[in-house]
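Structure, as structure tokens:
The values are calculated or read from the model by the stated rules, or taken from the named source; none is laboratory data. This structure is a prediction, so every number in the text was calculated from the model and none was measured. Cβ: placed from backbone, ideal geometry, glycine included. Neighbour counts: every protein chain shown.
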Amino acid sequence: MRSGAQLYTVRDFCKDTESFAETLKKVADIGYEFVQVSGTCPYDAEWLRDELDKNGLKCAITHYGAGPIKDDTQTVIKNHKTFGCNLIGIGSMPPAADGTRDYDWFAAQYRPAAQKIAAAGCYFMYHNHQFEFERDEKGVRGIEKLIEAFAPSEMGFTLDTYWVQFAGGDPAQWIGMLKGRVPAIHLKDMACVDKGQRMAVVGEGNINFARVLYEAENAGTEYLLVEQDNCYGEDPFECLKRSYRQLAAWGLY
């Protein structure tokens, strides 16, 4: 398994291409070799390819615009191939026309794109939050509906350890259940602070990452991506650095 940084962590430092380029250098200087491109300013595929090459980085996966993925799939595929990324990710389920989260609607709208992406040798990836673990009136979880709606060859899951645990689930168990469909996961720790749940630097919270990493290895996970949406006033680059040191201590670098 190879580890990297989810750039959503440092999104406030990627608001234009100049700062985005500086951020890529800082992430590479920490020691990361892979990134997930997410939450950044707009960029040209050729520009991103060149900046990644300049810093010795590779793009493992993206979070790309839901609209372009659905409506301009071939261009999205072309762009990803330009900067050498085969995992085309969506950050969350877009709302249906009535503003609700409709799993049937999502499947009908995005399965054709997922099939085109698969035919091109790439893979459509869905990133979860907590709401996918809510049960409907029949007791069925949203994530179970997604698992059934898309064939394993059509859609994988960028399983987020924090949000699974936030929803009361066991991240390691779900990684095991999604074996073969989790080529990338988010390593995001959860700490208890003043009786509340907070996102934390990897290894500074309470998620059982020994089990997470064991199940990820068995599930065929290729990329472990450090993400911390909220650093609670700390320098996000310092948070990424501490997470990197923890991964190194675990033998992942």
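Consider the range 75-108 and keep the residues that are at pLDDT 95 or above and in contact with a Pro (Cβ under 8 Å, 6 or more places away or on another chain). The one that is farthest from residue 152 (Cα to Cα) is 75.
Is it the case that the range 167-179 has a residue that's surrounded by fewer than 21 Cβ atoms within 10 Å (Cβ to Cβ) and within 21 Å of residue 121 (Cα to Cα)? Within the range 167-179, one or more residues are surrounded by fewer than 21 Cβ atoms within 10 Å (Cβ to Cβ) and within 21 Å of residue 121 (Cα to Cα). Of the listed requirements (1) touching a residue at least 60 places away in the same chain (Cβ under 8 Å); (2) closer than 24 Å to residue 13 by Cα, residue 216 misses just one: (2). Pick from the range 22-42 the residues that are of a type in the set (A, V, I, L, M) and within 25 Å of residue 125 (Cα to Cα): which of them is surrounded by the fewest Cβ atoms within 10 Å (Cβ to Cβ)? Across the range 22-42, the extreme among qualifying residues is 28. Is it true that some residue in the range 6-25 is touching a strand residue (DSSP E or B) at 6+ places or on another chain (Cβ under 8 Å), among the polar types (S, T, N, Q) and either over 20 Å from residue 160 (Cβ atoms) or not in a helix (DSSP H, G or I) (or both)? Scanning the range 6-25 turns up at least one residue that is touching a strand residue (DSSP E or B) at 6+ places or on another chain (Cβ under 8 Å), among the polar types (S, T, N, Q) and either over 20 Å from residue 160 (Cβ atoms) or not in a helix (DSSP H, G or I) (or both). Summed over the range 120-139, residues that are without any contact (Cβ under 8 Å) to a residue 40 or more places away in the chain and touching a helix residue (DSSP H, G or I) at 6+ places or on another chain (Cβ under 9 Å) total 11. Residues that are more than 22 Å from residue 56 (Cα to Cα) and either touching a residue at least 12 places away in the same chain (Cβ under 8 Å) or of a type in the set (Ser, Thr, Tyr) (or both) within the range 71-88 comprise 73, 74, 75, 76, 77, listed in sequence order. Remark: pairs (first residue in the range 1-30, closer than 24 Å to residue 251 by Cβ and modelled with pLDDT under 95; second residue surrounded by fewer than 16 Cβ atoms within 10 Å (Cβ to Cβ) and among the β-branched types (Val, Ile, Thr); Cβ separation under 7 Å; 6+ apart in sequence or on different chains) are absent.
Evaluate the following for residue 116: is it over 17 Å from the mean Cα position of the chain (by Cα) and exposed (fewer than 14 other Cβ atoms within 10 Å of the Cβ)? Against the criterion (over 17 Å from the mean Cα position of the chain (by Cα) and exposed (fewer than 14 other Cβ atoms within 10 Å of the Cβ)), residue 116 does not qualify. For the range 161-218, taking the residues that are acidic (Asp, Glu) and modelled with pLDDT of 95 or more, the one that is nearest to residue 91 (Cα to Cα) is identified as 189. Here is the figure for the range 159-204: residues that are out of contact with any helix residue (DSSP H, G or I) (no Cβ under 9 Å at 6 or more places or on another chain) and of a type in the set (Val, Ile, Thr) total 1. In the range 180-197, the qualifying residues are those that are crowded, with 16+ Cβ neighbours inside 10 Å and not hydrophobic (A, V, I, L, M, F, W, C), and the one that is farthest from residue 243 (Cα to Cα) is 181.
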